[in-house]
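Please treat every number below as a calculation from the coordinates, not as lab data. These figures come from a predicted structure and were not determined experimentally. FYI the Cβ positions are ideal-geometry reconstructions off the backbone, even for glycines, and counts take in every protein chain you see.
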Amino acid sequence: MNYVYILECNDKTLYTGYTNNLERRIDTHNKGKGAKYTRYRLPVKLLYFETFSTKSEALKREYQIKKMTRKQKENIIKLKRS
């Protein structure tokens, strides 16, 4: 399985990423060994994720989400929680 996820960092910023092992990736971020962006904004918490059967699909979606405004990201997070 391939995942695209949105994290909330300790400073309330949002980070979007891709992985094929969601649990391990969140753990890696929280150990300070993930992306440079999250390394100094710990701890992070998972707010949202989507699953994809192929890496290509997931990376395309990650790119789409990264281009979104914060408000648009907050809206997809809210929709998932509803």
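Could you tell me whether segment 3-16 includes any residue that is among the basic types (Lys, Arg) and part of a helix (DSSP H, G or I)? Scanning segment 3-16, I find no residue that is among the basic types (Lys, Arg) and part of a helix (DSSP H, G or I), so the answer is no. Only residues that are hydrophobic (A, V, I, L, M, F, W, C) and loosely packed, with under 15 Cβ neighbours inside 10 Å were counted across segment 1-17, and they come to 1. For segment 11-25, taking the residues that are under 14 Å from residue 59 (Cβ atoms) and among the polar types (S, T, N, Q), the one that is farthest from the chain's Cα centre (by Cα) is identified as 20. Is it the case that residue 20 is surrounded by 19 or more Cβ atoms within 10 Å (Cβ to Cβ), at negative phi and touching a Lys or Arg at 6+ places or on another chain (Cβ under 8 Å)? Here the answer is no, as residue 20 does not meet what is asked.
Among the residues of segment 32-82, those identified as in a loop (DSSP other than H, G, I, E, B) and more than 23 Å from residue 1 (Cα to Cα) are 32, 40, 41, 42, 43, 68, 69, 82.
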